[in-house]
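The values are calculated or read from the model by the stated rules, or taken from the named source; none is laboratory data. Bear in mind that the values here come from a model prediction, so they are computed numbers and not experimental data. Here the Cβ positions follow ideal geometry from the backbone for every residue, glycine too, while neighbour counts run over all protein chains shown.
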Amino acid sequence: MDDLIISVSGIRGVYGDSLTEKHAFDIGIAFGLWTKQEKVIVGRDTRPSGNQLAKSFIQGLLKAGKNVYDAGIVPTPAITWFVEKHTDFVGAVITASHNPLQYNGIKLISSKGTFLNPEEFEDFLAFFKDTKQNRKTKTGQYFSYNKLMDEFFIALFKCIDTHTIKENKFKVVVDPVQGAGSLHSKRFLEMLGCDVLMVNDIPIGEFSHNPEPIPDHLKELSKAVKDNCATVGFAQDPDCDRLALVLEDGNFVSEEQGLALLIKWMLNKKKGCVVVNNATTKIIEDICNQIGVNLFRTKVGEVYVVEKMKEVNAVAGGEGNGGVVFPDFHYGRDSFAGMALALEMMAKNGMKLSQFVNELPRYFFVKRKVSFPVNRIGVLYDCLEKEFISGKKDYTDGLRIDFEDAWLGIRPSGTEPIIRVFVEGKNENKVTSILKTIEQYLISCGKNL
């Protein structure tokens, strides 16, 4: 597994190269032998490679003696929700989330309904390397599980005001980028009384654009919202744990603003503390300060956020990449929960989405992905510390430096061979200046933004 990308977000690689059916089979056996639970629910996204990888992974689980419940093509949050709410289950999803089509991967889910935390993942990897995977065990049983999405939707509807949403008869456009949402989002929104137009929903598994739900990839969705006079546009990534929003005029809501809006609405529903990761916008700090609740930050990664949420009994949380966590429903990033909350927010207040955005504090936030030699990142950190000597340094996850009215962050990605650069502030010129300084130090190490 040396060529695979391994992190708390799962195991990923290029299908047919660093990730093969043999890998999936071996990981399935190891996970089956490692976990104490007797039942495993398995789902996948729509990538063409997913069918064979899922079959191989399931065969490994069966050989390890586990009883497998095959849910087919379903969103990742549906699997995590199911495991969280059922005893004696663990789970897995065959997906590479927002990564390009040539990638695939395996997300492993603990009996708590969350991805394996670092300690669990390290223990599993050590077991994987040491275990005798050809040892004989009793073969497990295979079941096809076709009712997951009905159960998932019914449970979510109990957590929101469906009646008021239905009264509004919202017109909605959805871009699921031919992912799992292609099979489930239209029905979900129609159950909420929406008039739904889908774009990029067929052919299944052939992504029409880069699947990361950011504005540069969603121009067709923006145009469809504006041309069809829709209330809102929703974009999902292939496994539906991330959500992007488009305003009624076709303009984009940034990932950061989208998360802030939904967290603000969750706080309106129930007051309490909030958890986000260390690379998430200061808008949420302002919201928490205004309402008078505590904000906690963690390392980047869903499992870090949800474990902290459980620890402090948070009422809202998420990550600034469009990953909202609605704990009244379940502890996992969930685009379906995000869509329901956005519709409920508009329905209950009688306001357009743009009006909510206009009420948010204004910040300038720049994100970059940079190819950079990992063995030089310590040198980069040292240079930035010396350059910004007056800032408050935080090494919770990579390097974050906070100033009075801005902050910067540098961290290696857990899902791609890159580093991520974040700069946010209220003054655009200051953000630009900080970014240029970071760029100079990246150039001095032989790389450019």
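The residue that is farthest from the chain's Cα centre (by Cα), counting only those in region 277-299 that are aliphatic (A, V, I, L, M) and under 22 Å from residue 431 (Cα atoms), is 287.
Rundown of residues vs (1) more than 24 Å from the chain's Cα centre (by Cα); (2) on the phi > 0 side of the Ramachandran plot, yes/no style:
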| position | (1), (2) |
| --- | --- |
| 171 | yes, no |
| 176 | no, no |
| 187 | no, no |
| 193 | yes, yes |
| 197 | no, no |
| 215 | no, no |
| 223 | yes, no |
| 232 | no, no |
| 236 | no, no |
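Yes/no per residue for (1) modelled with pLDDT of 95 or more; (2) β-branched (Val, Ile, Thr):
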{"site": "125", "(1), (2)": "no, no"}
{"site": "139", "(1), (2)": "no, yes"}
{"site": "158", "(1), (2)": "yes, no"}
{"site": "176", "(1), (2)": "yes, no"}
{"site": "194", "(1), (2)": "yes, no"}
{"site": "201", "(1), (2)": "yes, no"}
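Condition check ((1) under 13 Å from residue 50 (Cβ atoms); (2) of a type outside the set (Asp, Glu); (3) surrounded by fewer than 24 Cβ atoms within 10 Å (Cβ to Cβ)) across all residues:
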{"position": "61", "(1), (2), (3)": "no, yes, no"}
{"position": "65", "(1), (2), (3)": "no, yes, yes"}
{"position": "74", "(1), (2), (3)": "yes, yes, no"}
{"position": "80", "(1), (2), (3)": "no, yes, no"}
{"position": "86", "(1), (2), (3)": "no, yes, yes"}
{"position": "94", "(1), (2), (3)": "yes, yes, no"}
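I need the full set of residues from region 156-189 which are in contact (Cβ under 8 Å) with a residue 12 or more places away in the chain, surrounded by fewer than 18 Cβ atoms within 10 Å (Cβ to Cβ) and either closer than 14 Å to residue 341 by Cα or touching a Leu at 6+ places or on another chain (Cβ under 9 Å) (or both), in order please. Answer for region 156-189, where residues must be in contact (Cβ under 8 Å) with a residue 12 or more places away in the chain, surrounded by fewer than 18 Cβ atoms within 10 Å (Cβ to Cβ) and either closer than 14 Å to residue 341 by Cα or touching a Leu at 6+ places or on another chain (Cβ under 9 Å) (or both): 157, 159, 161, 164, 166, 168, 171. The C-beta contact set for region 391-408 (first residue within 13 Å of residue 381 (Cα to Cα), second residue part of a strand (DSSP E or B) and of a type in the set (Phe, Trp, Tyr), distance under 7 angstrom, 6+ apart or interchain) comprises 400/407; 401/407; 408/422.
So is residue 343 crowded, with 24+ Cβ neighbours inside 10 Å, in contact (Cβ under 8 Å) with a residue 24 or more places away in the chain and more than 19 Å from the chain's Cα centre (by Cα) or not? It is true that residue 343 is crowded, with 24+ Cβ neighbours inside 10 Å, in contact (Cβ under 8 Å) with a residue 24 or more places away in the chain and more than 19 Å from the chain's Cα centre (by Cα).
Looking at the structure I just gave you, is residue 18 within 20 Å of the chain's Cα centre (by Cα), of a type in the set (Ser, Thr, Tyr), closer than 25 Å to residue 418 by Cβ and at pLDDT below 95?
Considered against the rule, which asks whether it is within 20 Å of the chain's Cα centre (by Cα), of a type in the set (Ser, Thr, Tyr), closer than 25 Å to residue 418 by Cβ and at pLDDT below 95, residue 18 comes out as no.
Residues in region 387-413 that are loosely packed, with under 15 Cβ neighbours inside 10 Å and within 15 Å of residue 424 (Cβ to Cβ): 392, 403, 404, 405.
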